[in-house]
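This report refers to the structure that appears directly beneath it.
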Protein chains: 2
Amino acid sequence: MARIEAVDFFYLAMPDVLDIGDGSQDLLLVRLQAGAHVGWGECEASPLVSIASLVCPMSHSACKPVRDSVLGQTLETADDIRRIGDSVRESSLDLLQTDHTLSGIDIAMWDLLGKRLDVPVYRLIGEGSNHPKTPYASVLFGDTPAGTYAKGQAAVDAGYAAVKFGWGPYGRGSVAADRDHVQAAREAIGPERALMIDTGTVWREDLAAAAQRLPALREFGVTWLEEPFVSGALESYRALAAQSGAVKLAGGEGSHNVHMARQMIDHAGLGFIQIDAGRIGGITPARDVACYARARGVTYVNHTFTSHLALAASLVPFADFETGAICEYPVEPKSLAVEATLDHLERDINGQVRLPERPGLGIRPDLLACERYLVDVEIVVAGRPLYRTPALRGA
Amino acid sequence: MARIEAVDFFYLAMPDVLDIGDGSQDLLLVRLQAGAHVGWGECEASPLVSIASLVCPMSHSACKPVRDSVLGQTLETADDIRRIGDSVRESSLDLLQTDHTLSGIDIAMWDLLGKRLDVPVYRLIGEGSNHPKTPYASVLFGDTPAGTYAKGQAAVDAGYAAVKFGWGPYGRGSVAADRDHVQAAREAIGPERALMIDTGTVWREDLAAAAQRLPALREFGVTWLEEPFVSGALESYRALAAQSGAVKLAGGEGSHNVHMARQMIDHAGLGFIQIDAGRIGGITPARDVACYARARGVTYVNHTFTSHLALAASLVPFADFETGAICEYPVEPKSLAVEATLDHLERDINGQVRLPERPGLGIRPDLLACERYLVDVEIVVAGRPLYRTPALRGA
């Protein structure tokens, strides 16, 4: 019987983390050991806080450290993964960080299970098929329209059929300035390629501010407007969707459980639901959302801005979907996100990506490279060391 | 001009934290300093994780440590509090723990502002009135019906007009065993007093499991069934509400922002929305929810299970509500929650509680007592100490 014997978290970061909307500047690598096998996963955002939630002292029966619900558990089937996830959510109910922390553990459990069964993870999910996705280049807006134009040209030169521009100055200046950025983006990528705009919740729930931008988005044929509002601002989303016409709304990356994503699907008028397997609690709940969305005519898309381990995990939930086959694909990640893995999901001659055929997620971390980015952490509570960065190699 | 010069977090805990649903076993005390004044607040659940989110290194522009959006900010008006809260939510958008961490800071900001203006906080909110609330005794179920009966009798002996039983074995055994507990509770408190049942999300989203308990709840005249499902399981809530008859549903304590609470109000068929100011981001968003609920005919009730500092903060959002004037009032808190403050919200001769007339929240921490429960924490990242428990006295 395979029991989970170790759960280790490794905080990796760029030497200099910049104050820009680039989520590839740090990552939390998760290593799980059960019997002869090792699984790897990744949690999105704020590694230190997720480490704290892994090891924190219990507050009460529904606020336990995440590790307590994982260590010692049997891991032999997909049902075990779901059971362990349910147990984590129940035992750490009042610990808000839990879903982000569970995400990397769930991903590592799938990786480990695939290796144990000697099959790629996608074979264990749904129809077990592996349909290629058309990646869209996901880039940040330039500081100026000229900068945006240059980034669009670079994406075209790199062969992408679709490009998304996000964050940066968009939504923070005038409506006219925003139009200039969208125009520059469209001119750079030409009339045929799909163009998406990501506003990173800049208008919170201000319907009017978002609606003012719609004419320019329609004028330049934008496929979707992403996150005009914070996750959960359902009324603002729904009201904007009612007047956005051909420009569809996209959102949902802030969902940290299945229920939040369902509400976005049911009540926000979305054309696209975007789920990050590194936030929603892993591949298991992300798959639930993918099926829920498909049944309701909302297109499921991954949200991914870090390594190709995270990218692979985010593709698994809709690997067997033939239609709506686009995926987010970060094209200007920091060196950490590139070097953290030995394997990468390269585009094929058709410009598409698909999951590897290797067992598990098929993406091996590059431990030597990871060591160069490893951030040493020590947490001591009441004189007792609760966490010290473990050895990444030769453990 | 008063600027926030210091934000300090203090982790307090009982020497032995038990594996029971008693949230009074630890707390995170927040101290804010601006000019000549000091404000105190409290965050619910998992102190270590909230400390980590206060001081963690930045991951990217929307994932900054909470402290960065607070230190140095002007704090002179209620608008400043809202502005700082908005800034925290925006700058720490991708840090899941943020709302819990902000909660204690928002509470401390209100306490400080009241002291600065030399008025009780309730005067700064809504109509500025201070209507007394009828407290219901909030206790855990006994391990057996006899234990539940004894707890009910104790609440009656202590003079409470309403009693809520929660957690423990309820919902984890048979329908008949659960009925025995409810019967014991009703028999202990007599036919006149209000009886409420809190199931602590035990059925997750399993409608049938919850519905099976309805006949007994109706039989024994239960006022509300609390948290049959996890926060956000709107469909299960709505379906149960449609068949619960005179037994109303209560829930919402898991809401960590205004949007989640609104969705519970709009889509869950609740009779009562329960908000913890120590989780939802503080008094400011809790007040928004209180007004939203009142406009829609849903009764607002505080959720509180820790100290009387937290209790006072949780009463402020609906202090000016005349109707529906009940409040949760923990009656078997651990010594920490009692001793942590010098002042307490004692019941008056009518058995009611109201906010103090002292400036701020009017609840002074007992620093000597707090020191006895202080848990020493040290967090070191890349050789740099990011957090060391500060001095509680004489700082």
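The values are calculated or read from the model by the stated rules, or taken from the named source; none is laboratory data. This structure is a prediction, so every number in the text was calculated from the model and none was measured. Cβ atoms come from the backbone with ideal geometry, glycine included; neighbour counts cover every protein chain shown. In case anyone asks, the SASA skips ligands and DNA or RNA and just uses the protein heavy atoms, side chains included. Shrake-Rupley method; radii C 1.70, N 1.55, O 1.52, S 1.80 Å.
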Counting only residues that are free of Cβ contacts under 8 Å to residues at least 40 places away in the same chain and among the hydrophobic types (A, V, I, L, M, F, W, C), which one in the stretch A:1-35 is nearest to residue A:343 (Cα to Cα)?
-> A:17
Confirm whether residue A:306 is assigned to a loop (DSSP other than H, G, I, E, B) and closer than 30 Å to residue B:378 by Cβ.
-> yes
Unique residue being away from chain B (no Cβ under 14 Å), under 26 Å from residue B:51 (Cα atoms) and modelled with pLDDT of 95 or more when the list is A:391, A:340 | A:391
Could you check how many residues of the stretch A:367-379 are surrounded by 15 or more Cβ atoms within 10 Å (Cβ to Cβ) and part of a loop (DSSP other than H, G, I, E, B)?
-> 1
Mind counting the residues in the stretch A:15-31 that are more than 22 Å from residue B:49 (Cα to Cα) and either within 7 Å of chain B (Cβ to nearest Cβ) or not in a loop (DSSP other than H, G, I, E, B) (or both)?
-> 4
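Just to verify a result, which residue in the stretch B:234-287, among those that are over 23 Å from residue B:99 (Cβ atoms) and assigned to a loop (DSSP other than H, G, I, E, B), is nearest to the other protein chains (Cβ to nearest Cβ)?
Of everything passing the filter in the stretch B:234-287, B:269 is nearest to the other protein chains (Cβ to nearest Cβ).
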The stretch B:123-150 - residue that is without any contact (Cβ under 8 Å) to a residue 40 or more places away in the chain and either aromatic (Phe, Trp, Tyr) or assigned to a helix (DSSP H, G or I) (or both) and, of those, nearest to residue B:313 (Cα to Cα) | B:123
Note on the stretch A:100-129: residues open to solvent by 10 Å² or more (accessible area, probe 1.4 Å) and of a type in the set (D, E, K, R) are A:115, A:116, A:118, A:123, A:127
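Let's see how each residue does on (1) over 23 Å from residue B:259 (Cβ atoms); (2) open to solvent by 20 Å² or more (accessible area, probe 1.4 Å); (3) of a type in the set (Phe, Trp, Tyr):
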{"residue": "A:138", "(1), (2), (3)": "yes, no, no"}
{"residue": "A:163", "(1), (2), (3)": "yes, no, no"}
{"residue": "A:187", "(1), (2), (3)": "yes, yes, no"}
{"residue": "A:192", "(1), (2), (3)": "yes, yes, no"}
{"residue": "A:232", "(1), (2), (3)": "no, no, no"}
{"residue": "A:236", "(1), (2), (3)": "no, no, no"}
{"residue": "A:239", "(1), (2), (3)": "no, yes, no"}
{"residue": "A:243", "(1), (2), (3)": "no, yes, no"}
Which ones in the stretch B:295-328 are of a type in the set (Ser, Thr, Tyr), surrounded by fewer than 22 Cβ atoms within 10 Å (Cβ to Cβ) and modelled with pLDDT of 90 or more?
-> B:299
Scanning the stretch A:85-107 residue by residue, those in a loop (DSSP other than H, G, I, E, B) and either in contact with a helix residue (DSSP H, G or I) (Cβ under 6 Å, 6 or more places away or on another chain) or of a type in the set (Lys, Arg) (or both) turn out to be A:92, A:95, A:96, A:97
Per the filter on the stretch A:37-60, residues at pLDDT 95 or above and part of a loop (DSSP other than H, G, I, E, B) are A:46, A:56, A:57, A:58, A:59
Of the numbered conditions (1) over 21 Å from the mean Cα position of the chain (by Cα); (2) within 14 Å of another protein chain (Cβ to nearest Cβ), residue A:75 satisfies every one except a single condition; which is it?
-> (2)
Any chance the stretch A:108-118 includes a residue that's among the aromatic types (Phe, Trp, Tyr), part of a helix (DSSP H, G or I) and more than 17 Å from the chain's Cα centre (by Cα)?
-> no
Filter the stretch A:288-303 down to residues that are under 15 Å from the mean Cα position of the chain (by Cα) and in a loop (DSSP other than H, G, I, E, B), then give me how many there are.
-> 1
Cβ pairs under 9 Å, 6+ apart or interchain, first in the stretch A:47-66 and within 17 Å of residue B:28 (Cβ to Cβ) and facing chain B (nearest Cβ under 7 Å), second outside any loop (DSSP other than H, G, I, E, B) and aromatic (Phe, Trp, Tyr), ordered by first then second residue, are A:48/A:11; A:52/A:387; A:57/B:11
In the stretch A:172-185, residues that are open to solvent by 30 Å² or more (accessible area, probe 1.4 Å) and either part of a helix (DSSP H, G or I) or among the hydrophobic types (A, V, I, L, M, F, W, C) (or both) total 6
Complete set of residues in the stretch B:44-63 that are more than 25 Å from the chain's Cα centre (by Cα) and over 16 Å from residue A:101 (Cα atoms) | B:57, B:58, B:60, B:61, B:62
Within the stretch B:332-361, count every residue that is open to solvent by less than 40 Å² (accessible area, probe 1.4 Å) and among the β-branched types (Val, Ile, Thr).
-> 2
Taking residue B:190, is it within 28 Å of residue B:233 (Cα to Cα), small (Gly, Ala, Ser) and out of contact with any Lys or Arg (no Cβ under 7 Å at 6 or more places or on another chain)?
-> no
Run residue A:98 past the list (1) modelled with pLDDT of 95 or more; (2) away from chain B (no Cβ under 14 Å) and report the number of the one that doesn't hold.
-> (2)
Where residue A:203 falls short, out of the listed (1) out of contact with any Pro (no Cβ under 8 Å at 6 or more places or on another chain); (2) modelled with pLDDT of 95 or more; (3) not small (Gly, Ala, Ser) | (1)
Taking the stretch B:218-230 and keeping residues at pLDDT 95 or above and open to solvent by 10 Å² or more (accessible area, probe 1.4 Å) leaves B:218, B:219, B:220, B:221, B:223
Can we say residue A:207 is more than 18 Å from the chain's Cα centre (by Cα) and either within 28 Å of residue B:87 (Cβ to Cβ) or among the aromatic types (Phe, Trp, Tyr) (or both)?
-> yes
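Can you find a residue in the stretch B:140-150 that is of a type in the set (A, V, I, L, M), modelled with pLDDT under 95, crowded, with 16+ Cβ neighbours inside 10 Å and closer than 25 Å to residue A:94 by Cβ?
Yes, the stretch B:140-150 has at least one match.
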Of the residues that sit in the stretch A:1-14 and are away from chain B (no Cβ under 14 Å) and not in a strand (DSSP E or B), which one is least open to solvent (accessible area, probe 1.4 Å)?
-> A:2
For the stretch B:196-224, enumerate the residues that are of a type in the set (S, T, N, Q) and touching a strand residue (DSSP E or B) at 6+ places or on another chain (Cβ under 7 Å).
-> B:199, B:223
